[in-house]
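The values are calculated or read from the model by the stated rules, or taken from the named source; none is laboratory data. Since we're looking at a predicted model, the values are computed, not measured. In this analysis, Cβ positions are derived from the backbone assuming ideal geometry, glycine residues included, and neighbour counts consider all displayed protein chains.
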Amino acid sequence: MVKKNTMTQLKEKQEKFCQAYILHRNATRAAIAAGYSEASAHNQGYRLLQDDKIQERIEELTNEISTDVDVISEIEKQYETARNAGHGAVALKALELLSRVRGNNTNEDDSTPESLEAEIIGTFQIIGFEKSFEMLAYAFPEEFVDDEEEEDNEELLLTEELTSTTDTETSSDNDT
């Protein structure tokens, strides 16, 4: 049995949707790009993705895609440029894209304490001192006690010690 090209079975808007979908991987954006109204794009995108012919065409288009550009190295270059320029948000977006392209496959055996430390330091440099400090305070709240709160805690401990000492002395006096 010869399989008929799915493209010939689709309407023009449906074909445009499929082409836009493989670029954006977002049904709403693809529906808008295909010419559906913004008001109905979310519903249209969802409906179109449920259609078997649409799914087949998306798969065909995905399999046909080829590029002369090494996408991973281009994204890595963008990340390095953004990181070196101090553009944290752009650098993080590049890392997110790299994660998607690579399929989030990380080799845990490559992680050493030194390499993880270097990555953490690099991340701190990207996001800046204040955000790094906030994150550390969030991760280790017991280590980031406010000075006034710490003084109050010391006074409370001192008061408790004095009270227990006084109670002990009082009970010793009562025993004699």
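What to note about this one:
- Per-region count, the stretch 4-48, residues under 23 Å from residue 97 (Cα atoms) and surrounded by fewer than 19 Cβ atoms within 10 Å (Cβ to Cβ): 9
- Taking each residue of the stretch 43-55 that is under 16 Å from residue 15 (Cβ atoms) and looking for partners that are aromatic (Phe, Trp, Tyr) and not in a helix (DSSP H, G or I) with beta-carbon atoms closer than 9 Å, six or more apart or interchain, yields 44/36; 45/36; 48/36.
- Search result, residues across the stretch 10-56 that are among the polar types (S, T, N, Q) and part of a helix (DSSP H, G or I): 14, 19, 28, 43, 44, 55
- Filter pass, residue 130 being at pLDDT 85 or above, part of a helix (DSSP H, G or I), exposed (fewer than 12 other Cβ atoms within 10 Å of the Cβ) and not small (Gly, Ala, Ser): yes
- Matching option when the condition is in a helix (DSSP H, G or I) and assigned by TED's automatic domain parsing to the domain that holds residue 25, among 76, 96, 59: 59
- With respect to the conditions (1) part of a helix (DSSP H, G or I); (2) modelled with pLDDT of 65 or more; (3) farther than 27 Å from residue 24 by Cβ, residue 168 falls short on a single one, namely (2).
- Sole exception among (1) within 30 Å of residue 125 (Cβ to Cβ); (2) surrounded by 12 or more Cβ atoms within 10 Å (Cβ to Cβ); (3) modelled with pLDDT of 85 or more; (4) not acidic (Asp, Glu) for residue 84, by number: (2)
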